[in-house]
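The values are calculated or read from the model by the stated rules, or taken from the named source; none is laboratory data. Keep in mind the model is a prediction, meaning the values are calculated, not measured. Here the Cβ is made from the backbone with ideal geometry for all residues, glycine too, and neighbour counts use every protein chain on show. The protein model used for the area step is the full one, side chains on, heavy atoms only, and it has no ligands, DNA or RNA in it. Shrake-Rupley method; radii C 1.70, N 1.55, O 1.52, S 1.80 Å.
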Amino acid sequence: MSRLTLFQRATGVGPVLRILAMLLLVLAVIMAVPLVVLIIEQNSDLWAFVYAELATLISAGLMLLVTRQIEIQLKPRQMFILTTLSWVTICTYASLPLVFGAPHLSMGDAVFESVSAVTTTGSTVMVGIDNLSDGLKLWRGLLQWVGGIGIIVMAIAILPFLQVGGMRLFQTESSDWSDKILPRAGGVAKSITGVYLLISVVAIVSYWFAGMTSLDAVVHGMSSVATGGFSNYDSSFGIYEDKPWIMWMANLFMLLGAVPFVLYIKMMREKTLSSFWKDQQVRGLLYMLVVVILGLTVYRVVRGVPFFDALTQVAFNVISVVTTTGYASDDYTLWGPLAIVCFFYLTFVGGCSGSTSGGMKVFRFQIGIIMLINQLRHLVHSNGVFAQRYNGRMLTDDVIRAVIAFSFFFFFTVGAIALGLAAMGLDLVTALSGAATAVANVGPGLGDTIGPAGNFSSLPEAAKWLLSFGMLMGRLEILTVLVLVTPMFWRK
């Protein structure tokens, strides 16, 4: 037995490396799609994808070679490592076409862009997106689409098993795993991927019929359902402000991506739409959107904006921020102080658990309200016993502890990153909104620099690396990463 094999068995890294190799092979297959487009168009960017493809395949081959005798049986400790390493590895290799291609981004810029894409954040450092090759535009959209399905599977199949951030509340039968995890994960992934693919195709076809070009329909269709927010234009969805019907279609597809995907499967089994309305998360999300949209629409109408124009712009941008998609059709920082504060608050909300959305997630706010009401009852009736229920299920102590811990570390992470950005010379609005939008995976921040009319290109290189870390922390539910730096995790 070789020393390498002994090391793999002693550390348990073998199965992790083997799965990472498989993920790189999948990435290489996806990378071939824009490569074919560039070959057909005879664009020089094709060499960027050739080099990236070779680097990815060679790395995957070497990893498979050194783990050829390893069985894939993962334990919780290995799952924590795999969850973090898989996202870091994919983001790193996905950045290579942006380094070798026409944008010739620095490594920091390229990693920021790929992390933003794979985590479906939607922040960008790229200027002149309109002039990018079709292959690179398609690559940005594909990364968000692949990241979206990865996020759903992680939220439904992995995080509940790891008991991260209160996700155990949404544990399904498919999440009730033993040491052999992958067979169960495969069943979840297969069902979810089918639904995800169907909605994506409907979005693409709808956009195309609505007047988008073929490439625009494909990229915007993928990024809408993935709630990613990458567009083929520097002006994002502002390019379609004269076509309000496209913006309303986008509202629908962003919402479809922001609701729990297990409900789609449940709907198909029960053949009724009632599954969605019965879900407390979905009801809470829709109620909040209606209240905020109506309130800001009235606010804009009072300030002299025609009703339909106000409603269209408010609905689109509010849904985009709440679902953490990150599209922008207008510079809402010019709408007035009330709008600015509202959008800053909305940055933290997010969509539903088990969706492609980021943020705090609606269920954590709802559980917080339940806990507050329960505490007020105890103040009035100190000896009373009050049941705490959510979505028809009892709230156990471990779920409540997880929600409290996640919420604390979420805002602690935002504060720490904002402090780091301020130390680099960024102003208060840019530092605070940049940290918030990174950890919440929203996309645009506030202010002249990183607001909906700007981008992140002018930030210092160190700030981009810090924000990339923040995006990964937010997408991995923070605790998944933090547990890796605790000494107790590494003790035998």
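Taken as Cα centroids, the range 78-120 and the range 257-278 sit 33 Å apart, rounded to the nearest whole angstrom. At 4 °C and a viscosity of 1.567 mPa s, what translational diffusion coefficient does Stokes-Einstein give for the range 197-242, taking Rh as the Kirkwood radius over Cα pairs? Give it in µm²/s as a whole number. Value of D from the Cα-based Kirkwood radius: 124 µm²/s. Here the chain exposes an accessible surface that is 68 percent carbon and sulfur, computed with a 1.4 Å probe and the other protein chains kept in place. Round to a whole angstrom and tell me the spacing of the C-alpha centers of the range 443-492 and the range 284-326. Going from one Cα centre to the other spans 28 Å.
The simple spin-label model puts a point 7 Å past each Cα toward its Cβ; for Arg77 and Thr396 those points are separated by 2.4 nm.
Annotation: amide H-H contacts under 5 Å for Leu446 (H modelled 1.01 Å from N, sequence separation of 5 or more, or interchain): Ser433, Gly434. Listed peptides 341-349, 150-158, 314-322 appear in the order 314-322, 150-158, 341-349 once ranked by packing, highest mean of other Cβ atoms within 10 Å at the front. Near Val219, once Lys and Arg are set to +1 and Asp and Glu to -1 for all other residues with Cβ below 9 Å from its Cβ, the sum equals +1. At q = 0.19 Å⁻¹, what log₁₀ I(q)/I(0) does the range 241-389 have when each alpha carbon counts as one equal point scatterer in the Debye sum? So the normalised log intensities work out to -1.12. Among complete DSSP H helices in the chain, those whose alpha-carbon atoms stretch at least 20 Å along the helix's long axis and whose mean Kyte-Doolittle hydropathy reaches -0.5 are 13-41, 46-66, 76-94, 134-153, 182-210, 244-258, 280-302, 307-322, 362-380, 397-423, 461-475.
Expressed as a fraction of 2.2 N^0.38 Å, the C-alpha radius of gyration for the chain is 0.96. About the centre of its Cα atoms, the chain shows a dipole size close to 2100 debye [charges on the beta carbon of Lys, Arg (+1) and Asp, Glu (-1) only; nearest 20 debye].
For the range 400-449, what is the relative contact order in percent, using Cα pairs closer than 8 Å and at least 6 residues apart in sequence?
Relative contact order, the range 400-449: 30 percent.
Sorted largest first, the spans of the alpha carbon positions of the range 268-329 along the three principal axes are 48, 21, 17 Å. In this structure the amide hydrogen of Tyr390, modeled in the peptide plane, comes within under 5 Å of the amide hydrogens of Leu395, none closer than 5 places in sequence on its chain. Over all Cα atoms in the range 343-414, the spread is summed up by Rg and Dmax: 13.8, 42 Å. Packing order of peptides 247-255, 398-406, highest average first: 247-255, 398-406 (average count of other Cβ atoms within 10 Å over each peptide's residues). Summing +1 for each Lys or Arg and -1 for each Asp or Glu among the other residues whose beta-carbon sits under 13 angstrom from that of Val99 gives -3.
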